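Data first, discussion second: the structure below is written as structure tokens.
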Amino acid sequence: MSLKHILLGLLREPATGYDLKAAFNESISHFWSAELGQIYPTLRRLEDAGLLHSRVEPSEKGPNRRVYSLTDEGREELLEWLRGGPVVGVERFAYLAQVFFMDTVGDLHETRAFMAALRQRLNEWLARLRAIEADINGTYGNAPEHYPDAGFHQFATLRMGIRSIGSKVEWCDETLAAIDRRLTMAPSADDTGECRTLEETR
């Protein structure tokens, strides 16, 4: 999956670059993120490729704004991606890379502080998603099978976000408990400077 396809999906309705950034922040942050510095160059490439077109419209709040829309070719590209089957195995989590190499720091207390901070951020994120879910249920009821098509599919991704981030909070708790147990243990060879990878312990 790429930012290209995410933007094509979001542009089923015309939008400006700032509209798209707001959509990332408010609607799909549980599975994708992007900054304006990534969004605008990608929009330009998509327009150059004939997948989007843009027009300039006056704005009531300031300078004119550029509004992007899908072309027929862009819609075909989106449909081809959607019909191409699930795209898996491309997830990237920077914080997991940090944990993987954290032994370089050489202080388990710093690892614990890192994990506690990560848990707090994930838990706050989870609370925001649960609040969105509660708002949707309060407005439309808690039977998503009766939602309109767009609402149903978007609610399904929200539920995945809640389950996924919830499991990450549980992993943080599990890891913090293991760190606390490790801190109570007598120093081992690994704690005195011998660096061993996971493969070397097998």
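The values are calculated or read from the model by the stated rules, or taken from the named source; none is laboratory data. Computed from a prediction, not measured in an experiment: that's the story for all the values here. Counting neighbours? That spans all protein chains shown, and the Cβs are built from the backbone with ideal geometry, glycine included.
Conditions (1) in contact with a Cys (Cβ under 8 Å, 6 or more places away or on another chain); (2) at pLDDT below 95; (3) of a type outside the set (A, V, I, L, M), marked per residue:
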| position | (1), (2), (3) |
| --- | --- |
| Ile28 | no, yes, no |
| Ser33 | no, yes, yes |
| Glu47 | no, no, yes |
| Thr71 | no, no, yes |
| Leu79 | no, yes, no |
| Arg92 | no, yes, yes |
Considering only segment 1-16, state which residues are touching a residue at least 24 places away in the same chain (Cβ under 8 Å) and assigned to a loop (DSSP other than H, G, I, E, B). Met1, Leu11, Arg12, Pro14, Thr16
The residue that is farthest from Thr175 (Cα to Cα), considering only those in segment 100-146 that are touching a residue at least 60 places away in the same chain (Cβ under 8 Å) and under 21 Å from the mean Cα position of the chain (by Cα), is Leu129
Inside segment 17-66, can you point out the residues that are in contact (Cβ under 8 Å) with a residue 60 or more places away in the chain and either among the hydrophobic types (A, V, I, L, M, F, W, C) or closer than 12 Å to Leu7 by Cα (or both)? Ile28, Phe31
Quickly run through segment 101-115 and pick out the residues that are under 17 Å from Leu176 (Cα atoms) and either in contact with a Cys (Cβ under 8 Å, 6 or more places away or on another chain) or exposed (fewer than 11 other Cβ atoms within 10 Å of the Cβ) (or both). Phe101, Asp103, Asp107, His109, Met115
Filter result for Thr71 (among the β-branched types (Val, Ile, Thr), over 23 Å from the mean Cα position of the chain (by Cα) and either surrounded by 13 or more Cβ atoms within 10 Å (Cβ to Cβ) or farther than 23 Å from Gly161 by Cα (or both)): yes
Answer with yes or no whether Ala156 is closer than 19 Å to Glu26 by Cβ, surrounded by 11 or more Cβ atoms within 10 Å (Cβ to Cβ), out of contact with any strand residue (DSSP E or B) (no Cβ under 7 Å at 6 or more places or on another chain) and among the aliphatic types (A, V, I, L, M). yes
Looking at Leu78, Leu10, which is the one that is surrounded by 15 or more Cβ atoms within 10 Å (Cβ to Cβ), over 20 Å from Gly161 (Cα atoms) and not hydroxyl-bearing (Ser, Thr, Tyr)? Leu78
I'd like the full set of residues that are buried (at least 17 other Cβ atoms within 10 Å of the Cβ) and part of a loop (DSSP other than H, G, I, E, B), limited to segment 33-57. Ala34, Leu51
